[in-house]
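Reviewing the structure listed below.
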Amino acid sequence: MPDVVIVGGGISGVAASYEIARAGHSVTLFEARHLASMASGWTLGGVRQSGRDPAELPLARAAVERWGGLDTELDAATGYRRRGNLRLARTEAEVETIRELVVQQRRLGLEIDYLPDNAAIRTVAPAIGPSILAASFCPGDGHADPVPTVRAFAAAASRHGATIREDVTVRAVTRSGSRVTGIETMSGELVLADRVVIASGIHAPELLQQLGLALPLMVKLVCVMQSVPLPPLFEQVFGVANADAAGRQEVDGRLRVTTGIGDWPHEPRSWTADALAPRACDIATLIARVTQVLPALANAGIARLWGGLIDLTPDALPAIDAHTGIQGLIIAAGFSGHGFGIGPVTGEILADLALSRQPRFELAPFRLDRFAGVARRDAELTLHG
């Protein structure tokens, strides 16, 4: 009988399994498909402080400190590079958005610069297109490779004794009265545990609903494109003021770029790679947006195209909570397209909650009950980290 069961094999789940296992506790993680099969696999891989909600910024700052030593700690390459983040303005209206962003972020103590014209931007990143008008630049931000990072956490967790089970779908969290007793898999296997962490992204509401809990998510689709390896072009992660395009160059030279969000009219539980495949119009939109920012993409060979789903909450902040009225239940879902960068710290928090330790962060803004009785509002989305 494990001390803790984790449902979901994205970065939050594997980082939590690592932290719990290295603290000397038994933990079993269940992933319905394969590790990093959803958001933690398709994500751009940004590790960003800039543009964060004030509630999330302390987690992002702490995560940046963790990322710098993860390759050594996990004994594996994560591809982490700390080369900065550019958020770009393409219109005069976006210039004002970027200018205000810099003012607000500086008030929060973040080191971030305003680049007032194209010449200043191209001093930092010469490959950026000549039509870009202004930008913010946060030198402390960076990026990493998503799938290798998730697998590095999982391998380190396994070395500490964690059990990682892929291709096993959890059908339900079992309970007795007001406390969890474990999980039941789709095959009918019962696994007993006093603590269960639900970190299953778009699938979390289904499990929570069975427990009488509601996590309001809008499931949205993102188009992702990856080029063949290219010579070095730029080192930063770039985004734009309204978050409808972002990109970076990976360690092996491939460009990895994304669009903003679109509707996903299907049932989340039944997604397939074919169903997520970008439409021709999505690809055309992506190319048009990114080549304005990065003209070199126009001549790049395209190696891969795929789609990913985002678990978007009404306020674009995740639910990270152990105060649900069900003893032993911990929730970590709704990261809204920017959970990868804070993943190492989310793992710490989940381990603390599962092991009845006091987290070092203020978690009140992430309580699940903040959604109760509150009118839904449209969330703003940032896609790079």
Taking region 274-284 and the residues there that are in a helix (DSSP H, G or I) and within 23 Å of the chain's Cα centre (by Cα), the one that is surrounded by the fewest Cβ atoms within 10 Å (Cβ to Cβ) would be 274
Out of 163, 185, sole residue that is within 25 Å of the chain's Cα centre (by Cα) and touching a residue at least 12 places away in the same chain (Cβ under 8 Å): 163
Taking into account only those residues within region 204-223 that are at pLDDT below 95 and surrounded by 21 or more Cβ atoms within 10 Å (Cβ to Cβ), which is nearest to residue 331 (Cα to Cα)? 217
For residue 128, all conditions in the list (1) assigned to a helix (DSSP H, G or I); (2) in contact (Cβ under 8 Å) with a residue 12 or more places away in the chain hold save one; what is the number of the exception? (1)
Since residue 131 meets every condition but one in (1) over 26 Å from the mean Cα position of the chain (by Cα); (2) open to solvent by 60 Å² or more (accessible area, probe 1.4 Å), which condition does it not meet? (2)
Selection within region 179-224 - under 15 Å from residue 3 (Cα atoms), touching a helix residue (DSSP H, G or I) at 6+ places or on another chain (Cβ under 7 Å) and hydrophobic (A, V, I, L, M, F, W, C): 197, 198
Please work out which residue is surrounded by the most Cβ atoms within 10 Å (Cβ to Cβ), limiting yourself to region 167-195 and to residues that are among the acidic types (Asp, Glu) and assigned to a loop (DSSP other than H, G, I, E, B). 194
For region 290-306, state whether one or more residues are open to solvent by 10 Å² or more (accessible area, probe 1.4 Å), part of a strand (DSSP E or B), under 24 Å from residue 220 (Cβ atoms) and among the aromatic types (Phe, Trp, Tyr). yes
Quick one: what pairs do we get from region 281-308, first residue within 14 Å of residue 230 (Cα to Cα), second charged (D, E, K, R) and surrounded by fewer than 21 Cβ atoms within 10 Å (Cβ to Cβ), C-beta under 7 Å, 6+ apart or different chains? 303/254
Can you find, within region 134-160, the residue that is nearest to the chain's Cα centre (by Cα) among those that are within 30 Å of residue 4 (Cα to Cα) and among the polar types (S, T, N, Q)? 149
Which pairs do you get when a residue that is more than 18 Å from residue 238 (Cβ to Cβ), found in region 40-59, comes within reach of a residue that is part of a loop (DSSP other than H, G, I, E, B) and among the small types (Gly, Ala, Ser), reach meaning Cβ atoms under 7 angstrom, with the pair 6+ apart or on two chains? 40/10
For residue 239, are the conditions met, namely being open to solvent by less than 30 Å² (accessible area, probe 1.4 Å), farther than 22 Å from residue 147 by Cβ and assigned to a strand (DSSP E or B)? no
Unmet requirement for residue 161, which otherwise passes all of (1) in a helix (DSSP H, G or I); (2) of a type outside the set (Val, Ile, Thr); (3) over 21 Å from residue 46 (Cβ atoms): (1)
Please go through region 31-58 and give me each residue that is in contact with a Ser or Thr (Cβ under 7 Å, 6 or more places away or on another chain), of a type in the set (A, V, I, L, M, F, W, C) and crowded, with 23+ Cβ neighbours inside 10 Å, ordered by number. 44
Of 310, 261, 342, 320, the only residue that is over 30 Å from residue 23 (Cβ atoms), within 15 Å of the chain's Cα centre (by Cα) and buried (at least 24 other Cβ atoms within 10 Å of the Cβ) is 310
Only one of these conditions is not met by residue 253: (1) open to solvent by 70 Å² or more (accessible area, probe 1.4 Å); (2) assigned to a loop (DSSP other than H, G, I, E, B); (3) without any contact (Cβ under 8 Å) to a residue 40 or more places away in the chain. Which number is it? (1)
Cβ contacts < 8 Å: first residue without any contact (Cβ under 8 Å) to a residue 60 or more places away in the chain, restricted to region 217-234; second residue assigned to a strand (DSSP E or B), any location; separation 6+ or different chain. Result? 232/249
Just give me the residues in region 97-114 being touching a residue at least 24 places away in the same chain (Cβ under 8 Å) and open to solvent by less than 60 Å² (accessible area, probe 1.4 Å), in sequence order. 98, 101, 102, 105, 110, 112
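The values are calculated or read from the model by the stated rules, or taken from the named source; none is laboratory data. Because the structure is a prediction, the values reported are computed rather than measured. Please note: Cβ atoms are built from the backbone with ideal geometry, for glycine as well, and neighbour counts cover all protein chains shown. The area values use the complete protein model at the heavy-atom level, side chains included, leaving out ligands, DNA and RNA. Shrake-Rupley method; radii C 1.70, N 1.55, O 1.52, S 1.80 Å.
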